[in-house]
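Read through the structure below, which is laid out as C-alpha coordinates, and then see the notes.
The values are calculated or read from the model by the stated rules, or taken from the named source; none is laboratory data. Since this is a predicted model, take the numbers as computed values, not measurements. Glycine also receives a Cβ, built like all others from the backbone with ideal geometry; neighbour counts cover every protein chain displayed. Calculation scope for accessible area: heavy atoms of the full protein, side chains included, ligands and nucleic acids excluded. Shrake-Rupley method; radii C 1.70, N 1.55, O 1.52, S 1.80 Å.
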Amino acid sequence: MAMEYLASRFEPGREYSEREVNELLLAWHTFGDWALLRRWLCDWRYMERERDGTRYRLRGLESAA
(Lines give C-alpha, C1' and ligand atoms only; values in the text may rest on other atoms or scores of the structure.)
Protein backbone atom coordinates (compact mmCIF):
# COMPACT_ATOMS: atom_id res chain seq x y z
CA MET A 1 0.00 0.00 0.00
CA ALA A 2 2.84 2.39 0.74
CA MET A 3 4.35 1.92 -2.73
CA GLU A 4 0.99 2.51 -4.37
CA TYR A 5 0.62 5.71 -2.34
CA LEU A 6 4.08 6.94 -3.35
CA ALA A 7 3.44 6.11 -7.00
CA SER A 8 0.14 8.01 -6.90
CA ARG A 9 2.04 11.17 -5.96
CA PHE A 10 3.86 11.30 -9.33
CA GLU A 11 2.23 13.01 -12.32
CA PRO A 12 1.20 10.74 -15.21
CA GLY A 13 2.90 11.65 -18.49
CA ARG A 14 5.72 13.59 -16.85
CA GLU A 15 9.37 12.56 -16.98
CA TYR A 16 11.48 12.98 -13.85
CA SER A 17 15.22 13.05 -13.44
CA GLU A 18 16.73 10.71 -10.87
CA ARG A 19 17.41 13.73 -8.67
CA GLU A 20 13.77 14.84 -8.85
CA VAL A 21 12.55 11.36 -7.90
CA ASN A 22 14.96 11.28 -4.96
CA GLU A 23 13.90 14.73 -3.73
CA LEU A 24 10.20 13.90 -3.99
CA LEU A 25 10.60 10.59 -2.20
CA LEU A 26 12.49 12.34 0.59
CA ALA A 27 9.62 14.79 0.96
CA TRP A 28 6.90 12.11 0.92
CA HIS A 29 8.16 9.49 3.37
CA THR A 30 9.97 8.96 6.65
CA PHE A 31 11.45 5.56 5.76
CA GLY A 32 14.95 6.98 5.32
CA ASP A 33 16.09 4.99 2.26
CA TRP A 34 14.94 6.86 -0.85
CA ALA A 35 17.18 4.74 -3.12
CA LEU A 36 15.44 1.54 -2.02
CA LEU A 37 12.00 3.12 -2.50
CA ARG A 38 13.00 4.34 -5.98
CA ARG A 39 14.22 0.84 -6.86
CA TRP A 40 11.01 -0.75 -5.55
CA LEU A 41 8.89 1.67 -7.58
CA CYS A 42 10.62 0.33 -10.70
CA ASP A 43 10.85 -3.31 -9.60
CA TRP A 44 7.16 -3.39 -8.70
CA ARG A 45 6.34 -1.72 -12.05
CA TYR A 46 4.89 1.51 -10.73
CA MET A 47 7.57 3.45 -12.62
CA GLU A 48 9.88 2.79 -15.51
CA ARG A 49 13.31 4.25 -16.09
CA GLU A 50 15.85 4.67 -18.83
CA ARG A 51 18.54 1.99 -18.86
CA ASP A 52 21.11 4.52 -17.64
CA GLY A 53 18.83 5.65 -14.78
CA THR A 54 18.61 9.26 -15.93
CA ARG A 55 14.87 9.54 -16.63
CA TYR A 56 11.87 8.08 -14.79
CA ARG A 57 8.19 7.90 -15.78
CA LEU A 58 5.10 6.77 -13.95
CA ARG A 59 3.49 3.73 -15.49
CA GLY A 60 -0.27 3.41 -15.51
CA LEU A 61 -1.30 2.22 -12.03
CA GLU A 62 -3.35 -0.53 -13.65
CA SER A 63 -0.14 -2.01 -15.12
CA ALA A 64 1.43 -2.30 -11.66
CA ALA A 65 -1.18 -4.70 -10.36
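Determine the relative contact order of the chain: mean sequence separation of Cα pairs under 8 Å and six or more apart, normalised by residue count, in whole percent.
Working: 72 pairs, mean separation 27.1, N = 65.
About 42 percent, as a whole number.
Report residue 44's accessible area, 1.4 Å probe, all protein chains in place, as a number in Å² to the nearest 10.
Using a 1.4 Å probe on the heavy atoms, I get roughly 120 Å².
Under 18 Å from a point placed 7 Å out from the Cα of residue 52 along the Cα-to-Cβ direction: which residues of the stretch 11-34 have their backbone N that close?
In the stretch 11-34, the label zone of residue 52 (backbone N under 18 Å from the point 7 Å along Cα→Cβ) covers 15-21.
Kirkwood Rh, the chain, all Cα pairs: how many Å?
The answer is 11.6 Å.
Percent of accessible area on the chain owned by carbon and sulfur, 1.4 Å probe?
49
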